[in-house]
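Below: one structure, written as structure tokens.
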Amino acid sequence: MKKIDPSSLIEDNRVIRGDTEDLSRAWNSEYSHGGTASIFRSVLKASEDNFEPGTHYAKVIAIVQSSGVGKSRMVDQLSKEIPAIVYTLRKPLQTGYPPGDPEILQFLLESTSTSSRRGIEHAGSVALLSASILEIKKLVDEYTKQNSAASKDRNREDKSTEDAKDRLSPASSFSKHRSPRRVRFCQAVRALAETVRNDFAQDKDWARIFVPKVPIT
């Protein structure tokens, strides 16, 4: 599998200037497009209710619109109501808000690079989803434990809630760069995803799924 040069993806200081600064301010202001989020929530429910494995390839929805109109903010807003993890994929040194998650970008680039192993691209997608869910479960378990111990301490409960948001949200404050907790979360997801992907890549039964089927004539 082709390796991506890590030095090309080292996190920069993500300095925010001009329009990006306005975006960060708007992102952290009160959300004023609840109607849009409500419509998208209904689209998600309808898509889930009507999903047919024999007809549809995967549960994927593309949100297409111009830059800066609120696509990412809408998804982040919904993540406060339904379980979700938002990753931001940006090229090295590319400005924007929220700041990028280079660990996730590098993992996906490596998973989609030229490889002689069958199904590695699919394995990468499954591995990233699996690792994300497992790391979120750890966070939920930690959050539950902390709140159980701090049920009578409102300050401790608020702190554990903010800690969870800090890891899962791509932009939980006005900071010009990702929080240390967010960085550690993405690093943990990538490390686990690499292990899962490599396990799949060595699994003969998994590889056999992607062998082209020759039609019987």
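Laid out as a table, the results:
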{"item": "Dipole axis of region 53-108 (+1 Lys, Arg; -1 Asp, Glu on Cβ), positive-most option in ALA58, GLY68, GLY96", "result": "GLY68"}
{"item": "Efficiency of FRET between ILE133 and LEU109 - r from beta-carbon atoms, R0 22 angstrom, step 0.05", "result": "0.55"}
{"item": "Computed FRET value (nearest 0.05) for LEU78 with GLU21, which takes r as the C-beta separation and R₀ as 25 Å", "result": "0.50"}
{"item": "Accessible-area ranking of ILE120, ILE61, ILE133, largest first, probe 1.4 Å", "result": "ILE133, ILE61, ILE120"}
{"item": "Rounded percent of accessible protein surface that carbon and sulfur make up, region 29-139, 1.4 Å probe", "result": "58"}
{"item": "Separation of the VAL140 and ILE63 label points, Cα + 7 Å toward Cβ, nm", "result": "2.1"}
{"item": "Mean Cβ neighbour count within 10 Å, used as a protection proxy, ranking 50-56, 76-82, 122-128, 25-31 highest first", "result": "122-128, 76-82, 25-31, 50-56"}
{"item": "Set LYS80/LYS204; LYS71/LYS145; LYS137/LYS204; LYS71/LYS137; LYS91/LYS145; LYS59/LYS204 screened for pairs whose C-alpha atoms are more than 32 Å apart", "result": "LYS80/LYS204; LYS71/LYS145; LYS91/LYS145"}
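The values are calculated or read from the model by the stated rules, or taken from the named source; none is laboratory data. Just so it is clear, the structure is predicted and the values come from calculations on it, not from any experiment. A quick note on method: Cβ atoms are made from the backbone with ideal geometry, for glycine too, and the neighbour counts reach across all protein chains shown. Surface areas here come from the heavy atoms of the whole protein model, side chains and all, with no ligands, DNA or RNA. Shrake-Rupley method; radii C 1.70, N 1.55, O 1.52, S 1.80 Å.
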